[in-house]
1. Convex hull volume of the Cα atoms in region 18-116, per residue, in Å³?
2. Hey, what angle do you get for helix 246-258 against the long axis of the chain, alpha-carbon based, 0 to 90 degrees rounded to 10?
3. If you find the alpha carbon centre of region 69-124 and of region 164-198, how far apart are they in angstrom?
4. Taking the convex hull of the alpha carbon atoms in region 88-181, what volume per residue do you get, in Å³?
5. Need one value: the accessible area of Glu339 in square angstrom, 1.4 angstrom probe, rounded to the nearest 10.
6. Report, please, the projected area of region 316-418 averaged over directions, based on the convex hull of its C-alpha atoms, in nm².
7. For region 185-443, which semi-axes, largest first and in whole Å, follow from the square roots of 5 times the eigenvalues of its Cα gyration tensor?
8. Going Cα to Cα from Lys372, which lysines come in below 26 Å? Please leave out same-chain ones fewer than 8 positions away.
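The values are calculated or read from the model by the stated rules, or taken from the named source; none is laboratory data. The structure displayed is predicted, hence computed values, not measured ones. Positions of Cβ are backbone-derived with ideal geometry, glycine not excepted, and every protein chain shown enters the neighbour counts. Accessible surface areas use protein heavy atoms only, side chains included; no ligands, DNA or RNA. Shrake-Rupley method; radii C 1.70, N 1.55, O 1.52, S 1.80 Å.
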Amino acid sequence: MTGQLEPALEERALPHDITAEQAVLGGVLLNPDVLHEVLEIVEAADFYRPAHQVILNVATQMSDQGQALDAITVHAELVRRGEAMRVGGAPYLHTLIETVPTTANTTYYARIVAEKAQLRRLVEAGLGIAQLGYTGQGEADDLVTRGERLWQRAARLGDDDPMVTTYADLLPDLVDRMGATAEEEGLVPLPYVDLAHLLGGGLRPGQLVVVGGRPGHGKTTIALDLTRHAARAGHHVLFVNLEMTDQELGHKILAAETQVPLGKITDPEAPLNAEEWARVERHLVHRHELPITIDHDPHCTLARIRGRVSALARAGTPAGLVVIDYLQLITHAAADTREQQIAETTRSLKLLAREMKVPVLLLAQVNREAAKRDDGMPRLSDFRESGAVEQDANIALMIHNPGADDPETPRQGELDIRVAKNRGGPLGNVTVAAQLHYARCVNLARP
Ligand SMILES: Nc1ncnc2c1ncn2[C@@H]1O[C@H](COP(=O)(O)OP(=O)(O)OP(=O)(O)O)[C@@H](O)[C@H]1O
C-alpha cells in the first residue's frame, strides 16, 4: 500500500505564522504604546516575512526618534527610504490594521512569532547537525563539538547571543570604571551619610532599589528626600506618583525645601510668618534647580513608564533616577495570579533599569507580619504578594518608624533604615532624624 509520502524534512516550509505576524504589526500601527512591550518579546529578525522585518525596523527607528506612528506616517517613511513597494505599499499597511480587531492581544501574538522563530532556529540547527553527520568530514569528536555549537546557537546559548559576554570582554570596561569619578559613573548621591557609606557612595545606573515599609512609616518621605537630593545634584528625576495628588506631593517638597511646616502649607487658616514667606519666595526663585518630572497617571503601566523614560532621553533631559510610589499601584500586565503580576512587574522594572541605565527606586508595601515582631522592622520575606520583589532587587531598604508604633517610645523622632539586601556591599542599619512635620528626614546630629 502506498500512502502519501511525507516530504523530505528540508522540503517542508519552516515553522511560521503570518497571521500572528500581521496581528503584531497591525497592533503596533493601531496603538504605538505596545511597541515597547512587543520589543521585549520579539526582534525584527524573528519575523518570517522579510517585509514584516522591514516594517518593524522602520517603526522602531521612528519611535526611537520620537516620531508619531500610524499607517500613514510609517508609509511616508517607507516611501522616503524607497522601501514602500517592497512591503506592499499603503494597501498592505491597511491590511495589517484590518487583521486586528483589538490591540489587547498584541503581546500574545508577539509570543507566537517569537516561538515560531525559535522553532525555525531549531529546525535549521537540526538540518545543519544532520549534514555534519552525513558528510563526515573531519574527526567525529570535532563534528560533535560543531554540532553542539549549532544547537547552542538555536537555543541562544552561544557566543553570538548579544546578551552573553565573556570575562575577557568585560574586563577593560571594569578597569575603566574603577578610575571613574562619581559623575562619570552616573552615581546618584544620597542625603544620608551613613546610608551612602553602606551603599558605596550612592545609587548606580541599572540598579533596582526597593524601599519596603508598612503604610505611614515613611517610604514616601525617604523617596522624596532622595529625589530632592538627586535633583539638587543635577540628576533629572522622574517621579511616578500613583499615591497622592500632585498638590499633596508638591506640598511635601515645598515643606521639606523651605522648612515651613506642612500643616501651615496645607491649612489656609494657619498664617506663615515673615521669615517663612521669605524662605518660600527664595525657593520660588531657585525652583528650576530641582529638575523633577512628575507622572501622575493613575493607570500607569510599565509601558508608560518605559515610554516616559525614553521620551525624557529623546528630549535631551535623560532621567538620572526613576522613583515609583508604589509597586502595588502600578497597573499590571495580565497574569493568572496577583503574585505573577507583581513578579512580572519587578522583573520588567529591573530590565528597564539595566536597559535605560538608570537606578529605579521602587517603593513597596509589606504585610503586617512586621507589626507583630518586637522590633517592628519589616523583613525581606514580608514583601506583600510576591517573593520576586526580594529576588529582583539589587538593594532592599526596609523602613521602620518606632514612633508610629509607640507614641511613648524614647526613640520618638528617629527613623530606622535597614539595608536588608545589598548585592554590591555590606548590610547594616542606619538611623536618621525624622522631621515629618517638614515631610523630610535628615542626618542625626553627631555628638
Ligand atoms: N504635618 C505632619 N506632622 C507630623 N507628621 C506628619 C505630618 N504629616 C504627615 N506626617 C506623618 O508622616 C508620615 C508620612 O509618611 P509617608 O507618607 O512617607 O509614609 P509611607 O510609608 O509612604 O506611607 P503610605 O504608604 O501610607 O503613604 C506618617 O506617619 C504621617 O503620620
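1. Values: hull volume 7.9 nm³, N = 99.
Convex hull volume per residue, Cα atoms: 80 Å³.
2. 50
3. Between the Cα centre of region 69-124 and that of region 164-198, the gap is 40 Å.
4. Values: hull volume 20.8 nm³, N = 94.
Once divided by residue count, the hull of region 88-181 is 221 Å³.
5. Number for this one is 110 Å².
6. Working: hull surface 32.7 nm².
Average of the hull's projected areas for region 316-418 equals 8.2 nm².
7. 27, 23, 18
8. Reachable lysines: Lys219, Lys421.
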